[in-house]
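The structure appears below as structure tokens.
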Amino acid sequence: MKSFFILILSLFSIFISAQDKEITSNEQFWMGYMTSGKISEKYSLWNDFHYVPNGFFVARTGLTRFFHKNLNLTAGYAYLNVPTINEGVELKRNEHRPWMQMVANHKVSPKLQMINRIRYDMRFRQDFADGELLDSFTFNHRLRMLISMRFPLIGKEFIGGTPFVNLSNEVLVNFGKNVENNYLDQNRTWLTFGLRLDAMSLQVGYMHRFVQLTQNQQFVRNHTLVVWITHNFDFRKKNKINPKEELFYRQP
């Protein structure tokens, strides 16, 4: 518990100090497609893809184990391609990322649902120097802590045809011997409006993505329009998912 409060105070001090530092703004468009494929009562396949023009590309896969309808663990691998500039040259930097996470959700009220997620990333990021990509990779750790709230705009259940609102915040923290300046990797806050369509859901909204760069005391505010599609599959049977069943809710 003590370490938790130290982390919160550290993040707070970083945000306060950042207000007097170099901060630039950027506009982005984030497209995402996230899937869950049920293969047994307790296991499902995780796949998601994200693309931000001039930002990043992510392809992530994994295996999810359900311990309870409100608790699951996932582990897998992700590939990223991230543009960067070195010596005035724009490079496409590769990243290999084994990852794991725990997701817990519960109802705060008959209509309000809370999702808590802790994700750990092992980041192998491609090195570069003198305007060229190198064959070597630098390793560091990242911890991601997310809280998400959603509620239906009509009725009390997230069934087919239900519009809903989602409000989320995620803090991403780097740690390890290779981290120099950006211990606070980024903070993401987003508000989306969604619609449940049988085995799919669509979310459209705004994200404020505050990023600390590796250069000392440099930050970027990304004002981002997001369009995310979540698609659930059930490979155990031939019939379609019942539109009255609860979907496996996903966040990027």
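The values are calculated or read from the model by the stated rules, or taken from the named source; none is laboratory data. In this text the structure is predicted, and so the values were computed from the model without any measurement. Positions of Cβ are generated from backbone atoms using ideal geometry, with glycine treated the same way; all protein chains shown enter the neighbour counts. SASA here: full protein model, heavy atoms, side chains in, ligands and nucleic acids out. Shrake-Rupley method; radii C 1.70, N 1.55, O 1.52, S 1.80 Å.
The eigenvalues of the Cα gyration tensor, multiplied by 5 and square-rooted, give segment 130-188 an equivalent ellipsoid with semi-axes of 40, 14, 9 Å from largest to smallest. Remark: spin-label model distance Y77-E22 equals 3.8 nm, labels positioned 7 Å along the Cα→Cβ axis. Directionally averaged projected area (segment 84-124, Cα convex hull): 5.0 nm². For the chain, carbon and sulfur atoms together expose 62% of the accessible surface, with a 1.4 angstrom probe and every protein chain in place. Taking all Cα pairs closer than 8 Å and separated by 6 or more residues, the relative contact order of the chain comes to 17 percent.
At the residue level, H141 shows approximately 50 square angstrom of accessible surface with a 1.4 angstrom probe and all protein chains present. Computed from the Cα positions only, the extents of the chain along the three principal axes stand at 56, 38, 36 Å, in decreasing order. Taking other residues whose beta carbon is less than 15 angstrom from the beta carbon of L45, and scoring Lys, Arg as +1 and Asp, Glu as -1, yields +3. Cα extents for segment 84-188 along the principal axes, largest to smallest and rounded to whole angstrom: 58, 26, 22. Loop-located trypsin sites (Lys or Arg not before Pro) in segment 46-129 (DSSP state not H, G, I, E or B) with no more than 10 neighbouring Cβ atoms inside 10 Å: K69.
To the nearest ten degrees, helix 2-18 and the longest principal axis of the Cα atoms of the chain are 60 degrees apart. Rolling a 1.4 Å probe across all protein chains gives D198 an accessible area of roughly 80 Å².
Can you tell which of G88, G76, G160 shows the greatest fluctuation in a Gaussian network model of the chain with Cα springs below 10 Å? Per the Cα network of the chain with a 10 Å cutoff, G88 tops the list. Think of each Lys and Arg Cβ as +1 and each Asp and Glu Cβ as -1; about the Cα centre, that makes the dipole of the chain roughly 1400 debye.
Against the criterion of solvent-accessible heavy-atom surface with a 1.4 angstrom probe, T192, T84 sort, most first, into T84, T192. Only protein heavy atoms count here; on that basis, with a 1.4 Å probe, V171 has an accessible area of about 20 Å². Multiplying the residue separation of I118 and K42 by 0.36 nm and subtracting their alpha-carbon distance yields 25.4 nm.
Rounded to the nearest whole Hz, the Karplus-based 3J(HN,Hα) values (6.51 cos²θ - 1.76 cosθ + 1.60, θ = phi - 60°) of segment 139-152 follow the sequence 10, 8, 9, 9, 10, 10, 10, 10, 10, 9, 10, 9, 8, x, with x at glycine and proline. Working note: 222 nm ellipticity from helices only, DSSP H runs with n ≥ 4, each -39,500 (n - 2.57), summed and divided by the residues of the chain, gives -2500 deg cm²/dmol to the nearest 500.
Around the amide H of L133, modelled in the peptide plane, lies no amide H under 5 Å away from a residue 5 or more places distant or on another chain. The candidates F175, F235, arranged from most to least accessible area with a 1.4 Å probe in the full protein assembly, appear as F235, F175. Beyond 22 Å in Cα-Cα separation lie the following of the pairs K21/K92; K42/K111; K21/K177; K69/K156; K69/K237; K69/K107: K21/K92; K42/K111; K21/K177.
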